[in-house]
Amino acid sequence: MFVRGREILLGIGGGISAYKSCELVRRLQDNGFVVSVVPTKSSLNFIGASTWAALSGKKVYTDLWSDVEEVPHISLAQNCSAIVIAPTTADLLSRLAQGRADDLLTNIVLASTKPKILVPAMHPEMWSNPATVSNVDILRKRGFLVLEPDHGRMTGDDVGVGRYPEVARIIDEINQHLLRNADLLGKKILITAGGTRENIDPVRFIGNRSSGKQGFALAYAAAKRGAQVHLVAANTQLPVIEGITTTFVETADEMDSIVKAEFPFSDALIMSAAVSDFKVAQSSEHKLHKEEIKPIDIVLNPDIVAGAGMMKQKGQIVVGFAAETSIELQKLQSAGRDKLLAKGLDLIYVNDVSDGKVFGADQTSGMLIAKSGTVIDVPMISKDTLSEILLDQLLVELG
(Lines give C-alpha, C1' and ligand atoms only; values in the text may rest on other atoms or scores of the structure.)
Protein backbone atom coordinates (compact mmCIF):
# COMPACT_ATOMS: atom_id res chain seq x y z
CA MET A 1 0.00 0.00 0.00
CA PHE A 2 1.34 3.42 -0.92
CA VAL A 3 1.41 6.02 1.85
CA ARG A 4 0.97 9.71 1.28
CA GLY A 5 4.28 11.60 1.40
CA ARG A 6 3.09 14.01 4.09
CA GLU A 7 3.07 11.39 6.83
CA ILE A 8 3.74 12.46 10.39
CA LEU A 9 4.89 10.12 13.12
CA LEU A 10 3.46 11.71 16.25
CA GLY A 11 5.21 10.74 19.48
CA ILE A 12 3.31 11.31 22.73
CA GLY A 13 5.27 12.09 25.90
CA GLY A 14 4.02 11.28 29.40
CA GLY A 15 2.63 14.65 30.43
CA ILE A 16 -0.85 15.80 31.42
CA SER A 17 -1.05 17.88 28.21
CA ALA A 18 -1.05 14.65 26.17
CA TYR A 19 -4.80 15.10 25.90
CA LYS A 20 -4.25 18.20 23.76
CA SER A 21 -2.56 16.07 21.12
CA CYS A 22 -5.93 14.46 20.37
CA GLU A 23 -6.90 17.77 18.77
CA LEU A 24 -3.47 17.96 17.10
CA VAL A 25 -4.09 14.63 15.34
CA ARG A 26 -7.37 15.91 13.88
CA ARG A 27 -5.91 19.22 12.74
CA LEU A 28 -2.90 17.51 11.15
CA GLN A 29 -5.33 15.35 9.17
CA ASP A 30 -7.22 18.48 8.10
CA ASN A 31 -3.92 19.81 6.77
CA GLY A 32 -3.34 16.82 4.52
CA PHE A 33 -1.18 14.67 6.80
CA VAL A 34 -1.50 10.99 7.54
CA VAL A 35 -0.69 10.50 11.22
CA SER A 36 0.81 7.47 12.96
CA VAL A 37 0.88 7.75 16.76
CA VAL A 38 3.60 6.25 18.98
CA PRO A 39 2.83 6.90 22.66
CA THR A 40 5.39 6.33 25.39
CA LYS A 41 4.47 3.88 28.13
CA SER A 42 4.04 6.68 30.66
CA SER A 43 1.73 8.66 28.35
CA LEU A 44 -0.71 5.74 28.34
CA ASN A 45 -1.57 6.71 31.92
CA PHE A 46 -3.25 9.79 30.43
CA ILE A 47 -4.54 8.66 27.01
CA GLY A 48 -4.99 5.02 26.02
CA ALA A 49 -3.80 3.37 22.81
CA SER A 50 -7.38 2.76 21.65
CA THR A 51 -8.01 6.52 21.56
CA TRP A 52 -5.00 7.10 19.33
CA ALA A 53 -6.02 4.23 17.05
CA ALA A 54 -9.55 5.63 16.70
CA LEU A 55 -8.32 9.17 15.97
CA SER A 56 -5.53 8.22 13.57
CA GLY A 57 -7.24 5.25 11.92
CA LYS A 58 -3.90 3.42 12.08
CA LYS A 59 -2.32 0.71 14.18
CA VAL A 60 -0.70 2.08 17.33
CA TYR A 61 2.66 0.64 18.41
CA THR A 62 3.46 1.05 22.11
CA ASP A 63 6.19 -1.48 22.85
CA LEU A 64 9.63 -2.09 21.40
CA TRP A 65 9.18 -5.81 22.03
CA SER A 66 5.83 -6.28 20.28
CA ASP A 67 5.52 -7.15 16.57
CA VAL A 68 9.29 -7.61 16.44
CA GLU A 69 9.02 -9.41 13.09
CA GLU A 70 7.92 -6.08 11.59
CA VAL A 71 10.98 -4.28 13.04
CA PRO A 72 8.71 -1.29 13.82
CA HIS A 73 11.45 1.05 15.07
CA ILE A 74 13.04 0.90 11.61
CA SER A 75 9.94 0.77 9.41
CA LEU A 76 8.25 3.62 11.27
CA ALA A 77 11.45 5.69 11.10
CA GLN A 78 11.71 5.21 7.34
CA ASN A 79 8.06 5.56 6.33
CA CYS A 80 7.32 8.99 7.79
CA SER A 81 8.21 12.39 6.34
CA ALA A 82 8.76 13.95 9.78
CA ILE A 83 8.67 13.10 13.47
CA VAL A 84 6.72 15.34 15.84
CA ILE A 85 6.75 14.72 19.60
CA ALA A 86 3.98 16.53 21.44
CA PRO A 87 4.13 16.90 24.30
CA THR A 88 7.87 16.49 24.79
CA THR A 89 8.51 16.12 28.52
CA ALA A 90 11.66 17.13 30.37
CA ASP A 91 12.53 13.44 30.67
CA LEU A 92 12.17 12.92 26.91
CA LEU A 93 14.33 15.98 26.19
CA SER A 94 17.01 14.54 28.45
CA ARG A 95 16.91 11.07 26.91
CA LEU A 96 16.95 12.44 23.35
CA ALA A 97 19.88 14.73 24.13
CA GLN A 98 21.82 11.73 25.47
CA GLY A 99 21.00 9.71 22.37
CA ARG A 100 19.35 7.00 24.41
CA ALA A 101 17.19 4.31 22.80
CA ASP A 102 15.43 2.66 25.71
CA ASP A 103 11.87 2.55 24.37
CA LEU A 104 10.15 2.41 20.99
CA LEU A 105 9.88 6.17 20.45
CA THR A 106 13.52 6.96 21.23
CA ASN A 107 14.63 4.03 19.04
CA ILE A 108 12.61 5.49 16.15
CA VAL A 109 14.13 8.95 16.65
CA LEU A 110 17.66 7.54 16.73
CA ALA A 111 17.02 5.46 13.59
CA SER A 112 15.45 8.30 11.59
CA THR A 113 17.08 10.83 9.27
CA LYS A 114 13.81 12.75 8.80
CA PRO A 115 13.04 16.22 10.24
CA LYS A 116 12.28 16.16 13.97
CA ILE A 117 10.01 18.69 15.67
CA LEU A 118 9.70 18.79 19.47
CA VAL A 119 6.84 20.47 21.31
CA PRO A 120 7.94 20.84 24.96
CA ALA A 121 5.31 21.13 27.69
CA MET A 122 6.21 21.09 31.39
CA HIS A 123 6.14 23.12 34.59
CA PRO A 124 7.92 26.54 34.28
CA GLU A 125 10.65 25.59 36.78
CA MET A 126 11.38 22.42 34.80
CA TRP A 127 11.58 24.36 31.51
CA SER A 128 13.97 26.95 32.95
CA ASN A 129 16.13 24.40 34.78
CA PRO A 130 19.77 24.58 33.54
CA ALA A 131 19.68 20.87 32.67
CA THR A 132 16.66 21.35 30.40
CA VAL A 133 18.14 24.52 28.89
CA SER A 134 21.32 22.59 28.08
CA ASN A 135 19.39 19.65 26.59
CA VAL A 136 17.37 21.97 24.34
CA ASP A 137 20.57 23.67 23.16
CA ILE A 138 22.15 20.30 22.34
CA LEU A 139 19.12 19.12 20.37
CA ARG A 140 18.86 22.38 18.39
CA LYS A 141 22.53 22.13 17.44
CA ARG A 142 21.79 18.61 16.14
CA GLY A 143 19.05 19.93 13.85
CA PHE A 144 15.94 19.36 15.96
CA LEU A 145 13.29 22.08 15.73
CA VAL A 146 12.36 22.73 19.37
CA LEU A 147 9.35 24.99 19.77
CA GLU A 148 9.17 27.49 22.62
CA PRO A 149 6.34 26.63 25.01
CA ASP A 150 3.53 29.11 25.53
CA HIS A 151 3.06 31.29 28.60
CA GLY A 152 -0.06 30.51 30.58
CA ARG A 153 -1.71 28.61 33.38
CA MET A 154 -0.27 25.22 34.18
CA THR A 155 -1.67 22.27 36.11
CA GLY A 156 -2.98 23.80 39.34
CA ASP A 157 -2.71 27.54 39.92
CA ASP A 158 0.82 28.17 38.64
CA VAL A 159 1.36 30.46 35.63
CA GLY A 160 4.48 30.71 33.49
CA VAL A 161 6.37 29.54 30.40
CA GLY A 162 5.94 25.82 29.77
CA ARG A 163 2.37 25.52 28.53
CA TYR A 164 1.55 23.25 25.56
CA PRO A 165 1.41 25.61 22.52
CA GLU A 166 -1.87 26.30 20.74
CA VAL A 167 -2.54 23.63 18.10
CA ALA A 168 -2.83 26.22 15.31
CA ARG A 169 0.67 27.44 16.11
CA ILE A 170 2.09 23.89 16.11
CA ILE A 171 0.50 23.23 12.69
CA ASP A 172 1.92 26.48 11.35
CA GLU A 173 5.41 25.62 12.63
CA ILE A 174 5.23 22.14 11.06
CA ASN A 175 4.07 23.51 7.71
CA GLN A 176 6.76 26.18 7.72
CA HIS A 177 9.42 23.60 8.55
CA LEU A 178 8.18 21.28 5.79
CA LEU A 179 7.27 24.09 3.39
CA ARG A 180 8.78 22.41 0.35
CA ASN A 181 6.11 19.72 0.64
CA ALA A 182 3.16 22.04 1.11
CA ASP A 183 2.82 24.19 -2.02
CA LEU A 184 -0.57 22.62 -2.89
CA LEU A 185 -1.94 22.90 0.63
CA GLY A 186 -5.58 23.97 0.55
CA LYS A 187 -6.10 22.90 -3.08
CA LYS A 188 -8.50 20.18 -4.15
CA ILE A 189 -7.29 18.17 -7.15
CA LEU A 190 -9.50 15.73 -9.08
CA ILE A 191 -7.45 13.14 -10.98
CA THR A 192 -8.56 10.33 -13.30
CA ALA A 193 -6.44 7.25 -13.93
CA GLY A 194 -6.49 3.95 -15.79
CA GLY A 195 -8.45 2.93 -18.85
CA THR A 196 -12.21 2.69 -19.22
CA ARG A 197 -13.87 -0.49 -20.49
CA GLU A 198 -17.08 -0.87 -22.49
CA ASN A 199 -18.82 -4.23 -22.28
CA ILE A 200 -19.58 -6.22 -25.43
CA ASP A 201 -20.95 -9.06 -23.31
CA PRO A 202 -20.25 -10.26 -19.75
CA VAL A 203 -16.79 -11.59 -20.70
CA ARG A 204 -15.58 -9.25 -23.47
CA PHE A 205 -15.02 -5.51 -23.60
CA ILE A 206 -13.59 -2.66 -25.65
CA GLY A 207 -10.69 -1.18 -23.73
CA ASN A 208 -7.13 0.09 -23.93
CA ARG A 209 -3.66 -0.61 -22.53
CA SER A 210 -3.56 2.06 -19.82
CA SER A 211 -2.27 0.74 -16.47
CA GLY A 212 -3.14 3.84 -14.43
CA LYS A 213 0.47 4.30 -13.29
CA GLN A 214 0.66 7.93 -14.39
CA GLY A 215 -2.59 8.90 -12.71
CA PHE A 216 -1.61 7.18 -9.46
CA ALA A 217 1.82 8.87 -9.59
CA LEU A 218 0.10 12.23 -10.00
CA ALA A 219 -2.27 11.54 -7.11
CA TYR A 220 0.61 10.52 -4.85
CA ALA A 221 2.67 13.58 -5.81
CA ALA A 222 -0.25 16.01 -5.33
CA ALA A 223 -1.11 14.57 -1.92
CA LYS A 224 2.56 14.68 -0.95
CA ARG A 225 2.50 18.40 -1.66
CA GLY A 226 -0.52 18.92 0.58
CA ALA A 227 -3.44 18.79 -1.84
CA GLN A 228 -6.76 17.16 -1.06
CA VAL A 229 -6.94 14.54 -3.80
CA HIS A 230 -9.90 12.64 -5.24
CA LEU A 231 -8.69 9.86 -7.54
CA VAL A 232 -11.14 8.31 -10.02
CA ALA A 233 -9.58 4.98 -11.03
CA ALA A 234 -10.75 2.86 -13.95
CA ASN A 235 -9.77 -0.81 -14.11
CA THR A 236 -6.34 -0.64 -12.50
CA GLN A 237 -4.47 -3.26 -10.51
CA LEU A 238 -2.52 -0.73 -8.43
CA PRO A 239 -2.67 -0.57 -4.63
CA VAL A 240 -4.79 2.10 -2.98
CA ILE A 241 -2.94 5.22 -1.86
CA GLU A 242 -3.61 5.77 1.82
CA GLY A 243 -5.14 9.13 2.72
CA ILE A 244 -6.57 9.75 -0.75
CA THR A 245 -10.25 9.49 -1.63
CA THR A 246 -10.50 6.91 -4.40
CA THR A 247 -13.59 6.09 -6.48
CA PHE A 248 -13.43 3.03 -8.71
CA VAL A 249 -15.27 3.04 -12.04
CA GLU A 250 -15.39 0.85 -15.12
CA THR A 251 -16.99 2.74 -18.00
CA ALA A 252 -16.65 6.20 -19.52
CA ASP A 253 -20.20 7.07 -18.47
CA GLU A 254 -19.39 6.23 -14.84
CA MET A 255 -16.25 8.35 -14.94
CA ASP A 256 -18.12 11.20 -16.61
CA SER A 257 -20.72 11.16 -13.86
CA ILE A 258 -18.09 11.44 -11.10
CA VAL A 259 -16.20 14.22 -12.89
CA LYS A 260 -19.35 16.27 -13.44
CA ALA A 261 -20.29 15.91 -9.77
CA GLU A 262 -16.83 16.65 -8.31
CA PHE A 263 -15.20 19.14 -10.69
CA PRO A 264 -17.30 22.16 -9.59
CA PHE A 265 -15.77 21.77 -6.12
CA SER A 266 -12.19 21.28 -7.34
CA ASP A 267 -9.37 23.68 -8.14
CA ALA A 268 -8.03 21.45 -10.90
CA LEU A 269 -8.91 18.40 -12.94
CA ILE A 270 -6.11 16.22 -14.33
CA MET A 271 -7.55 13.81 -16.91
CA SER A 272 -4.76 11.27 -17.20
CA ALA A 273 -7.17 8.35 -17.74
CA ALA A 274 -7.38 6.79 -21.19
CA VAL A 275 -11.09 7.04 -21.94
CA SER A 276 -12.51 4.83 -24.66
CA ASP A 277 -13.85 7.02 -27.47
CA PHE A 278 -16.72 4.66 -28.23
CA LYS A 279 -18.89 1.94 -26.76
CA VAL A 280 -21.17 -0.80 -28.02
CA ALA A 281 -24.62 0.54 -28.87
CA GLN A 282 -26.30 -2.49 -27.29
CA SER A 283 -24.17 -4.83 -25.16
CA SER A 284 -25.33 -8.40 -24.65
CA GLU A 285 -26.46 -9.61 -21.23
CA HIS A 286 -25.16 -13.12 -22.00
CA LYS A 287 -21.94 -14.40 -23.52
CA LEU A 288 -22.02 -14.29 -27.30
CA HIS A 289 -21.14 -17.64 -28.86
CA LYS A 290 -19.40 -18.01 -32.21
CA GLU A 291 -22.59 -18.59 -34.10
CA GLU A 292 -24.01 -15.36 -32.68
CA ILE A 293 -21.12 -13.13 -33.73
CA LYS A 294 -22.13 -10.32 -36.05
CA PRO A 295 -20.97 -6.76 -36.79
CA ILE A 296 -21.11 -4.56 -33.67
CA ASP A 297 -22.74 -1.16 -33.78
CA ILE A 298 -20.77 1.43 -31.81
CA VAL A 299 -21.60 4.93 -30.57
CA LEU A 300 -19.41 7.72 -29.21
CA ASN A 301 -18.71 8.10 -25.52
CA PRO A 302 -18.88 11.51 -23.85
CA ASP A 303 -15.74 13.64 -24.23
CA ILE A 304 -15.14 14.06 -20.49
CA VAL A 305 -12.24 16.48 -20.61
CA ALA A 306 -13.90 18.70 -23.23
CA GLY A 307 -17.02 18.79 -21.08
CA ALA A 308 -14.94 19.91 -18.10
CA GLY A 309 -13.27 22.55 -20.27
CA MET A 310 -16.70 23.96 -21.13
CA MET A 311 -17.98 23.98 -17.51
CA LYS A 312 -14.86 25.31 -15.75
CA GLN A 313 -15.13 28.57 -13.86
CA LYS A 314 -12.58 31.32 -13.28
CA GLY A 315 -9.69 30.00 -11.21
CA GLN A 316 -10.16 26.36 -12.23
CA ILE A 317 -7.57 24.46 -14.25
CA VAL A 318 -8.15 21.53 -16.62
CA VAL A 319 -5.23 19.32 -17.66
CA GLY A 320 -5.57 16.82 -20.49
CA PHE A 321 -3.49 13.92 -21.79
CA ALA A 322 -3.25 12.91 -25.44
CA ALA A 323 -1.66 9.76 -26.85
CA GLU A 324 -0.58 9.83 -30.49
CA THR A 325 1.12 7.24 -32.71
CA SER A 326 3.78 7.51 -35.42
CA ILE A 327 3.99 11.29 -35.39
CA GLU A 328 6.96 13.66 -35.85
CA LEU A 329 8.01 15.82 -32.92
CA GLN A 330 6.91 19.06 -34.59
CA LYS A 331 3.56 17.55 -35.52
CA LEU A 332 3.22 16.21 -31.96
CA GLN A 333 3.36 19.77 -30.63
CA SER A 334 0.86 20.93 -33.24
CA ALA A 335 -1.52 18.06 -32.45
CA GLY A 336 -1.25 18.78 -28.74
CA ARG A 337 -1.93 22.50 -29.14
CA ASP A 338 -4.91 21.83 -31.40
CA LYS A 339 -6.46 19.56 -28.78
CA LEU A 340 -5.68 22.01 -26.00
CA LEU A 341 -7.56 24.80 -27.77
CA ALA A 342 -10.41 22.62 -29.06
CA LYS A 343 -11.17 21.19 -25.63
CA GLY A 344 -10.71 24.37 -23.60
CA LEU A 345 -7.72 23.07 -21.64
CA ASP A 346 -5.06 24.96 -19.69
CA LEU A 347 -2.39 22.27 -19.94
CA ILE A 348 -1.93 19.15 -22.03
CA TYR A 349 0.65 16.39 -21.98
CA VAL A 350 0.99 14.74 -25.37
CA ASN A 351 3.16 11.76 -26.20
CA ASP A 352 3.85 9.12 -28.84
CA VAL A 353 2.76 5.63 -27.77
CA SER A 354 3.81 3.81 -30.94
CA ASP A 355 5.16 0.26 -30.62
CA GLY A 356 3.66 -0.20 -27.17
CA LYS A 357 5.63 2.61 -25.53
CA VAL A 358 4.50 4.33 -22.31
CA PHE A 359 1.36 2.25 -21.57
CA GLY A 360 2.11 0.06 -18.56
CA ALA A 361 5.69 1.34 -18.33
CA ASP A 362 7.32 3.19 -15.44
CA GLN A 363 8.77 5.84 -17.75
CA THR A 364 7.39 8.32 -20.23
CA SER A 365 8.49 10.97 -22.70
CA GLY A 366 6.53 13.62 -24.55
CA MET A 367 5.65 17.29 -24.43
CA LEU A 368 3.85 19.47 -21.90
CA ILE A 369 2.04 22.40 -23.51
CA ALA A 370 0.41 25.28 -21.63
CA LYS A 371 -2.34 27.61 -22.81
CA SER A 372 -0.06 30.46 -21.78
CA GLY A 373 2.41 29.37 -24.50
CA THR A 374 4.94 27.45 -22.43
CA VAL A 375 6.21 24.26 -24.07
CA ILE A 376 8.30 21.79 -22.06
CA ASP A 377 10.03 18.94 -23.89
CA VAL A 378 10.03 15.90 -21.62
CA PRO A 379 12.84 13.36 -22.22
CA MET A 380 12.49 9.75 -21.11
CA ILE A 381 11.89 10.12 -17.37
CA SER A 382 9.96 8.34 -14.65
CA LYS A 383 6.25 8.98 -14.34
CA ASP A 384 6.94 10.18 -10.80
CA THR A 385 9.25 12.88 -12.16
CA LEU A 386 6.75 13.91 -14.82
CA SER A 387 4.15 14.28 -12.07
CA GLU A 388 6.33 16.83 -10.26
CA ILE A 389 7.01 18.76 -13.49
CA LEU A 390 3.31 18.83 -14.36
CA LEU A 391 2.28 19.96 -10.86
CA ASP A 392 4.93 22.71 -10.93
CA GLN A 393 3.39 24.00 -14.15
CA LEU A 394 -0.14 23.59 -12.76
CA LEU A 395 0.86 25.90 -9.89
CA VAL A 396 2.08 28.46 -12.41
CA GLU A 397 -1.25 28.33 -14.22
CA LEU A 398 -3.12 28.65 -10.91
CA GLY A 399 -1.13 31.81 -10.28
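The values are calculated or read from the model by the stated rules, or taken from the named source; none is laboratory data. What you are looking at is a predicted structure, and each value in this text was computed from that prediction instead of being measured. Cβ sites come from the backbone with ideal geometry, for glycine too, and all protein chains shown count toward neighbours.
Points to keep in mind about this one:
- In segment 227-242, the residues that are assigned to a loop (DSSP other than H, G, I, E, B) and either crowded, with 23+ Cβ neighbours inside 10 Å or within 19 Å of the chain's Cα centre (by Cα) (or both): A227, T236, Q237, L238, P239, V240
- Sole exception among (1) touching a strand residue (DSSP E or B) at 6+ places or on another chain (Cβ under 7 Å); (2) without any contact (Cβ under 8 Å) to a residue 40 or more places away in the chain; (3) not hydrophobic (A, V, I, L, M, F, W, C) for T62, by number: (2)
- Filtering segment 21-41 for residues that are buried (at least 18 other Cβ atoms within 10 Å of the Cβ) and more than 26 Å from L178 (Cβ to Cβ) leaves an empty set.
- Within segment 155-174, residues that are hydroxyl-bearing (S, T, Y) sit with their Cβ atoms under 6 Å from residues that are in a loop (DSSP other than H, G, I, E, B) and buried (at least 22 other Cβ atoms within 10 Å of the Cβ), at 6+ positions apart or across chains, in these pairs: Y164/A121.
- Looking only at segment 250-299, and only at residues there that are of a type in the set (S, T, Y) and more than 30 Å from the chain's Cα centre (by Cα), the one that is modelled with the lowest pLDDT: S284
- Any hit, segment 310-317, residues being in contact (Cβ under 8 Å) with a residue 12 or more places away in the chain, crowded, with 17+ Cβ neighbours inside 10 Å and touching a Lys or Arg at 6+ places or on another chain (Cβ under 9 Å): no
- The lone exception for W52 - which of (1) under 24 Å from I174 (Cα atoms); (2) free of Cβ contacts under 8 Å to residues at least 12 places away in the same chain it fails: (2)
- L24, sole failed condition from (1) at pLDDT below 95; (2) within 21 Å of the chain's Cα centre (by Cα); (3) hydrophobic (A, V, I, L, M, F, W, C): (1)
- Whether a residue is buried (at least 18 other Cβ atoms within 10 Å of the Cβ) and among the small types (G, A, S) was assessed, and G57 does not pass this test.
- Apart from one condition, D201 fits all of (1) within 20 Å of I348 (Cα to Cα); (2) of a type in the set (D, E, K, R); (3) surrounded by fewer than 17 Cβ atoms within 10 Å (Cβ to Cβ); the exception is (1).
- Test: residue in segment 320-340 that is more than 26 Å from K213 (Cα to Cα), without any contact (Cβ under 8 Å) to a residue 12 or more places away in the chain and part of a loop (DSSP other than H, G, I, E, B): no
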